[in-house]
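Nothing in this text is a laboratory measurement; each read-out follows from the coordinates by a stated rule. What you are looking at is a predicted structure, and each value in this text was computed from that prediction instead of being measured. Positions of Cβ are backbone-derived with ideal geometry, glycine not excepted, and every protein chain shown enters the neighbour counts.
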Amino acid sequence: MNLYKTHILPNLIISGCDKKSQMKQREKIVPLAKGKVLEIGVGSGLNLPFYKEAKIKELIGLDPSRILWDKRVVKEKELGFNFEFVEAIAEDMPFEKHTFDTVVITYTLCTIFNFKVALESIHKALKPSGKLLFCEHGKAPDRKVYRTQNFLNPLWKNLAGGCNINRDIPKIISTNGFQIQDLQTMYVPGWKPASFNFWGKAKPL
């Protein structure tokens, strides 16, 4: 199992998250980030090319996997703004209260074990005027697809590093300290049980 987690799983995560349809979704939300920014689940840095240099004062990328970060697709010196990688989990972040103008989270809420605690930490880290930008996959609106998601999720979660394909992302965000200000949804190209996407922005309550 250790061999799977350290050598096979990281490559599966990267190949599963850099599909053309997902990169297009990232491009819709990441450029909206501004000021001092925290990215939750930076992974191998797939979002990094989409940040707008002129809008970013500083970017901190947080992820529990140093292995994923070591496979990063962009070097820090190529970004044009200050960047720091922090190895930590979202449930226990080492930041002061009201530190960030923007928090970005893409294709990560599906994996966070205790999303309630994670969102409490995000809420604390955001300035009262800050924004949470999100893009996630999750609960499909079609009953047949949702049943398939629920049936497959236990096996999927074990094989995909804790990823859940059936989470109700808008409900999770809106019942844990945030008001969603903009929400868009659609099926992106791909395997239907894992391709219903939610994206938008929310403000801390």
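What net charge do the residues around Pro94 carry, taking every other residue with its C-beta under 13 Å from that of Pro94, with Lys and Arg at +1 and Asp and Glu at -1?
Result for the local shell: -3.
Over the chain, calculate the relative contact order: mean separation of alpha carbon pairs under 8 Å at least 6 apart, over the residue count, as a percent.
19 percent
Within segment 26-70, what residues put their amide N at less than 19 Å from the label point 7 Å along the Cα-to-Cβ vector of Glu87?
39-46, 60-70
Listing Arg147, Arg72 from the residue with the fewest other Cβ atoms within 10 Å to the one with the most, what is the order?
Ascending Cβ contact count within 10 Å gives the list Arg147, Arg72.
For each of Val145, Val42, Val86, Val30, count neighbouring Cβ atoms within 10 Å of the residue's Cβ, then give the residues from fewest to most.
In increasing order of surrounding Cβ atoms, one gets Val86, Val145, Val30, Val42.
Would you compute, from DSSP H runs of 4+ residues alone, the mean residue ellipticity of the chain at 222 nm, taking -39500 (n - 2.57) per run and dividing by the full residue count, rounded to the nearest 500?
It comes out at -8000 deg cm²/dmol, rounded to the nearest 500.
I need to check one value: relative contact order of segment 79-182, counting alpha carbon pairs closer than 8 Å and at least 6 residues apart, in percent. Can you show the working numbers first?
Details: 130 pairs, mean separation 29.3, N = 104.
The value is 28 percent.
Pairs Lys34/Lys116; Lys20/Lys75; Lys19/Lys144; Lys20/Lys97: which are spaced more than 30 Å apart, C-alpha to C-alpha?
Pairs exceeding 30 Å: Lys20/Lys97.
Under 12 Å Cα to Cα from Lys52, which aspartates and glutamates show up? Leave out anything in the same chain fewer than 8 places away.
Cα-Cα hits under 12 Å: Glu27.
By counting other Cβ atoms within 10 Å of each Cβ, how are Glu120, Glu39, Glu78, Glu136 ranked from fewest to most?
Glu78, Glu120, Glu136, Glu39
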